[in-house]
Structure formats: C-alpha cells, structure tokens
Amino acid sequence: INEASRQLASTLDYETTLRAIAHLAVDRIADWCVVDVVDEDGRLRRLGVAHVDPVKVAMARDLEQRYPTDPNAPRGLYHVLRTGQSELYEDISDEMLVQGARDPEHLRILRELGFRSAMVVPLIARGRTLGVITFVTAESGRHYGSRDLNLAEGLARRTAVAIDNARMYARERGIAETLQRSLLPERLPEIPGVHAAARYLPGTTEAVGGDWYDLFVLPGGKVGLVMGDVAGRGVPVASLMGQLRNSLRAYAMDGYPPADVVARLNDLIEAGHMATLVYMTLDPVTWTVTYSNAGHLPPLVAAPDGTVYFLEGGTLPLGNTLATLRHEGTTQLAPGSTFVLYTDGLVEERGVPIDAGLARLQDTVRGLGDEDLEVVLDRILAAVPAQPSLNDDVALLVVRVSAIEAEQVTFRLPAVPASLATLRQSVRRWLAGVGAGEVDAHEIVVACSEAASNVIEHAYGLDGGMVELSAGRQDGRVVIQVRDWGRWREERGTDRGRGLAMIRALMDEVEIKPGDDGTLLEMRRRLRT
C-alpha cells in the first residue's frame, strides 16, 4: 500500500500510473492484474494488464477480444461495476470454468491460463464507481481470503481517488487553458508601420497561469499594448485575467490615459488577489510612447543605433491599497525601434538573481538588429536556460515601429469600423512623408475615411471582408485607390449617400470602377499647400 501510494502521488498521468499499479500488484499479491476504467464518454477501457508470464498477457488479451465479457452477466466485471460491491473467488474450480466457458476452445484457453483464485474490486471515489481492478492467482497456487480482499479494497480506494483527482485536474486545466487562450488575441491586428509578433508558452505540469498580452487600436489611432501576469494558477486566475483584460480595453477605449487605466484596474481586484501589469500607448505619428507600470518587469527598447535600455519606473502591483497614485512615463522612439514586453517566466532562473535574466535578455536583443520579428522571438526564447523544475508560463510580445516614407504604399485592413482609425493614421503618416501640408492632409484623410466607410457599410454586410487602400504620387498629384471584393447592396432610404458627394468635393477627380470581383474607387488630388 505504501509503495502504491508513492506511485499514485508521483504523477497526474493516471493511465501510466494504473499500468504501474498493475505491475506492482503482480510483483506482490497477484499473478495477473487487470485495471478497467470508465472513460469520460462512459466506455470501459482496459488501461492496465500485467502477468508474471508475458506470454500469458497476450493470451489474456486475445481471450478478451474473442470472448468479450458479457455486460449483463450476474457476476464478474460488469456486475461489480453496476453494484459497487467486491467479489471474492477463493477457489476457482474446473467446474466453474466449465460453467463460464462459451465453447470448447474458450474452455481450453481458460484451463491453460490456470486460474486458482480471484478478487474483483470496484474503484470508487466520491460516491462514483470509476472502474474495476481484478487480481488473479494462477502459477503461484495462492488462494485469496478476506484479509487479501481488505488489502485489495484499500489499494482500490487510493487508486480511485488518484484517478478522480487527475481527472478533476485535467478538467480544470482544460477549462483554464481554454479560457486563457480565448482571452489572448487570435491574431495581432495589422497596423501599417507597426509590426508585432507574440508567443505564449504555458507551464508544462502545473495548472494554467495568468500570463497574458494584448494589442489593439484606440479610437484616435494610437496603439494600446499590454503585458500582464495574475498571481496564482487555475480557473480563478484565468477568470480574473479575463476581467482585467476586458476592463482595460473598456477604460482605454473611453480615452483614459495609462495611469488612470491602471488606477481603475486596481480598484477592481478583491483582497487576496494580486497582478502585475504594464499598459502602454504608442502614437505612430509622433513616435511617443506613454506607459504605466504596476509592479511588472520593465519593457525593453532596442533603438536602431544599437542602444538597448529598459523603461524604468512604476508602482506597486495591482491588488493593494497603498498605491493610490500611479506613475506615468513617456519616451520618444526613433523609427525602426523595437520594444519587448514579457512576463517573469522569460527571465527567472531558480537560484539566480533576476538581474541576471534581465541582463541576458538585454544582451540577446542587442545582437538582433533588424531581424524578422519571428526570428527575434525564436532567439529570445532559445536564450532561456532549460529549467525542468521551473514551470512558469511565458508571454512575450515584440513590436517594431517604422516610418511610412515610400512613394507607393498599400494598406489592407479588415472591413470593420475599428479599422478606420488605423487607416486614417496610416494615410496621415504617409502624407506627412511625401510633404503634404496640413489642409491637404486633413481633406485627403477625410475622403479616404469616407471611401472606406462606404466599403464597410455597403460591400460586405455581415459576411465581412477586406478593404485595401493604395496611395502614390503621379505627375505632382496624390493618387489613392480604395478597393473591395464584395457585392454592393442598393442604397436604402432617400436621406443617405452624402459620403460620395463629400469625396467628390474634397478631391480633384473621383472615378468608380465596379466589376464582377468588387469595386475600385480612384481619387486624385494635386497638393496645393
């Protein structure tokens, strides 16, 4: 019993453990041991079979395939499963074998196996019968008695509890991981001039933790970035993570600056919970980053000149009453800068100061230059020492900002209202790069926004699609094309349709080219100011 308890406590992989328990029983109290468990779908599965003679293991499996146990039999495996009552066969006589055999071949195999005594014991935990464990003697000639049955039932009880605990853990882990992954972005938004890549690596053996990241476009065109870590593990932690994520987005969309967002999030956390978080906003026009850090590890910035530095400054984690004021910092980025947000699983190493992990991250990023962001992620993760005993989650978000200075650019975004702010900012940045004055830039941006709005409203409906905007210069004029691949529906109502009139008033030339594969709207305007 002690050895079985040790094995049962050694892992949450109960299927592997049941096979070990079967072999353990054969070594000590049985010549043949079989473990049958009812799976989550209600089917009976044979998970463990052990015999002192390996040849007879194959024989026993062949016997079960050729002569499967009758589910309606008045005794044996299924009867014990139905009643939850053990059965003890102190002496299995040849007469019993004759009565149980279905044909001469069946009887021959039963006699060859040489059964002498058997115990069929239910696996019961929390009032439910999870399966059956069967002990059989043959070669040893041993006959079981009541003391043996008490021992077998004690082993079965411990085994059943281990099975039930493992299943509950697996269900909770599955719920938590599903919840956690549903709260991470399925894909990062496409933002012209802002390139991002992310990874989330769950811990290997413990319940899912509370590491998370987010990236979204704010109504005014700025970009919000988040990296957070809720202390603890399991479903409650994943649930709190979801509350923080959704609340943060709501406060951010309402226009609150980072420090106010973090302060409001602190008020949401009940006593006994704690989380760290850094929230940043990036203005892709001015290259300004504003951030507030609540006890989280500092973001890392790699400038295009090779300088690598941390954005220091912050206050206590979320979940305390001491930090009534939240610090807010700002920094100015140069085009081509890369910054890295991460959780502690990336830099923590057992027995080593965390400063060493931060220095390792800094050295790794310093040597990456303008590598592709997926390569950056791979290199950063590859630099983390292997730590089998440390199973913390890792969340990693890498963002690079670049100027839009090309003579010809193309932006392709989902045809949804949330894309309009990104499109406006992107066009404004491109116009600044080609020397457009304030008046020209404003009016061209309004025309582009109206054209994209028409696509969103009329081209796709609920099905969704993409809107593509191409911008370039030709003969001293700005030429912009807005394209979709949908089917435009007819106008509704008589008091609508002013968008096209506004576009014509703002641009010098407007041409609409409908086709079988969508619609192309082309606008031209000479820069005047």
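The values are calculated or read from the model by the stated rules, or taken from the named source; none is laboratory data. If you're wondering where the values come from, they're calculated on a predicted model, not measured in any experiment. Note: ideal-geometry Cβ built from the backbone for every residue, glycine included; neighbour counts use all protein chains shown. Remember, those area values only see protein heavy atoms, side chains included, never the ligands or the DNA or RNA. Shrake-Rupley method; radii C 1.70, N 1.55, O 1.52, S 1.80 Å.
Numbers at a glance
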read-out	value
Residue check for Ile1: touching a residue at least 12 places away in the same chain (Cβ under 8 Å), of a type in the set (Val, Ile, Thr) and surrounded by 12 or more Cβ atoms within 10 Å (Cβ to Cβ)	no
Conditions (1) closer than 17 Å to Met119 by Cβ; (2) of a type in the set (Asp, Glu); (3) surrounded by 13 or more Cβ atoms within 10 Å (Cβ to Cβ); (4) free of Cβ contacts under 8 Å to residues at least 60 places away in the same chain: number failed by Asp91	(3)
Those residues of region 42-68 which are surrounded by 13 or more Cβ atoms within 10 Å (Cβ to Cβ) and either of a type in the set (S, T, N, Q) or assigned to a loop (DSSP other than H, G, I, E, B) (or both), in sequence order	Val52, Asp53, Tyr67
Residue in region 449-456 that is farther than 18 Å from Arg504 by Cβ, open to solvent by 10 Å² or more (accessible area, probe 1.4 Å) and modelled with pLDDT under 90 present	yes
Breaking point among (1) over 22 Å from Gly174 (Cβ atoms); (2) within 15 Å of the chain's Cα centre (by Cα), for Ile191	(2)
Selected residue (criterion: nearest to the chain's Cα centre (by Cα)) from residues of region 116-140 that are over 21 Å from Leu47 (Cβ atoms) and open to solvent by 30 Å² or more (accessible area, probe 1.4 Å)	Gly127
Condition check for Leu240: closer than 13 Å to Gly319 by Cα and surrounded by fewer than 19 Cβ atoms within 10 Å (Cβ to Cβ)	no
Elements of type strands (runs of 3 or more DSSP E) contained in region 388-480, each with 3 or more residues being under 28 Å from Ser337 (Cβ atoms) and of a type outside the set (A, V, I, L, M)	409-414, 466-474
Cβ pairs under 6 Å, 6+ apart, first in region 513-528 and free of Cβ contacts under 8 Å to residues at least 12 places away in the same chain, second open to solvent by 20 Å² or more (accessible area, probe 1.4 Å)	Lys513/Leu520
Residue list for region 106-137, restricted to those being part of a strand (DSSP E or B) and within 19 Å of Pro68 (Cβ to Cβ)	Ala118, Val120, Gly131, Val132, Ile133, Thr134, Val136
Enumeration of residues in region 183-240 that are within 18 Å of Asn293 (Cβ to Cβ), among the aliphatic types (A, V, I, L, M) and out of contact with any Lys or Arg (no Cβ under 9 Å at 6 or more places or on another chain)	Leu215, Val223, Leu225, Met227, Val230, Ala231
Hey, Val289 on the phi < 0 side of the Ramachandran plot and open to solvent by less than 30 Å² (accessible area, probe 1.4 Å) or not	yes
Residues that are modelled with pLDDT of 95 or more and either under 22 Å from Arg360 (Cβ atoms) or under 27 Å from the mean Cα position of the chain (by Cα) (or both), drawn from region 278-293	Val278, Tyr279, Met280, Thr281, Tyr291, Ser292, Asn293
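Yes/no matrix, rows are residues, columns are (1) of a type in the set (D, E, K, R); (2) modelled with pLDDT under 90; (3) part of a strand (DSSP E or B); (4) open to solvent by 30 Å² or more (accessible area, probe 1.4 Å):
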position	(1), (2), (3), (4)
Ala250	no, no, no, yes
Tyr256	no, no, no, yes
Ala259	no, no, no, no
Gly313	no, yes, no, yes
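Okay, residues lined up against (1) more than 30 Å from Tyr460 (Cβ to Cβ); (2) modelled with pLDDT of 85 or more; (3) open to solvent by 40 Å² or more (accessible area, probe 1.4 Å):
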| position | (1), (2), (3) |
| --- | --- |
| Leu341 | yes, yes, no |
| Gly345 | yes, yes, no |
| Glu371 | yes, yes, yes |
| Leu377 | yes, yes, no |
| Ile380 | yes, yes, no |
| Ala395 | yes, yes, no |
| Arg400 | yes, yes, no |
| Leu423 | no, yes, no |
